[in-house]
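The next block holds one structure in the form of structure tokens; read it before the comments.
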Amino acid sequence: LLKTLFDFFPSCQGFATVLAEAVSSLDLPVAVINLKECDPDDHLVEEVTSKNVCAFLVATYTDGRPTESAEWFYRWLEEAANDFRFGKTYLKGVRYAVFGLGNSAYVSHFNKVGTR
């Protein structure tokens, strides 16, 4: 199963749709999930032991921050990684890929969300 988690940004949504169609054409299961509607405790923790692949499609705004729809998810990841109860190994085992979208005109913030 490929879980495509995308930022509700027109480009991200479009790429998520294309990716989902490509995966479906291979007769593989796929789920497309908007990051705004994604509860990491529900969607990611179960992925630690699964053979699923999570593809994250995220955009970066001009100030180097995630879009409004991905802000909460992005903040959750940062906080979980720095929380002594979870730590950096909390999601160890999750198989994932990140596809970041950004405008190269913003050199200092180009694709910052996708690379962080």
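The values are calculated or read from the model by the stated rules, or taken from the named source; none is laboratory data. Here the structure is a predicted model, which is why all the values come from computation and not from measurement. Methodologically, a virtual Cβ is constructed for each residue, glycine included, from the backbone with ideal geometry; neighbour enumeration extends over all protein chains shown. Calculation scope for accessible area: heavy atoms of the full protein, side chains included, ligands and nucleic acids excluded. Shrake-Rupley method; radii C 1.70, N 1.55, O 1.52, S 1.80 Å.
Taking amide H atoms as placed 1.01 Å from N in the peptide plane, the amide H of residue 98 lies under 5 Å from those of 56, each 5 or more residues away in sequence or on another chain. With every protein chain in place and a 1.4 angstrom probe, the accessible-area ranking of 90, 74, 61, largest first, reads 61, 90, 74.
Is there a quick way to get the dipole size of the chain? I mean about its Cα centre, with the Cβ of Lys and Arg at +1 and of Asp and Glu at -1; what is the value in debye to the nearest 20?
420 debye
Taking the DSSP bridge list for region 53-116 and keeping only pairs wholly inside it, about 10 percent are antiparallel.
Pairs of lysine residues in region 2-101 that meet both criteria, 8 or more places apart or on different chains and Cα atoms under 19 Å apart, total 4. For the peptides 63-69, 37-43, residues were scored by their other Cβ atoms within 10 Å and the scores averaged per peptide; the highest-first order is 63-69, 37-43. With Cα atoms defining each centre, region 87-104 and region 64-84 are spaced 12 Å apart in the structure.
Taking every DSSP beta bridge that has both residues in the chain, what percent is antiparallel when rounded to the nearest 5? Each step should come with its number before you reach the end.
On the way: 1 of 18 bridges.
The answer is about 5 percent antiparallel.
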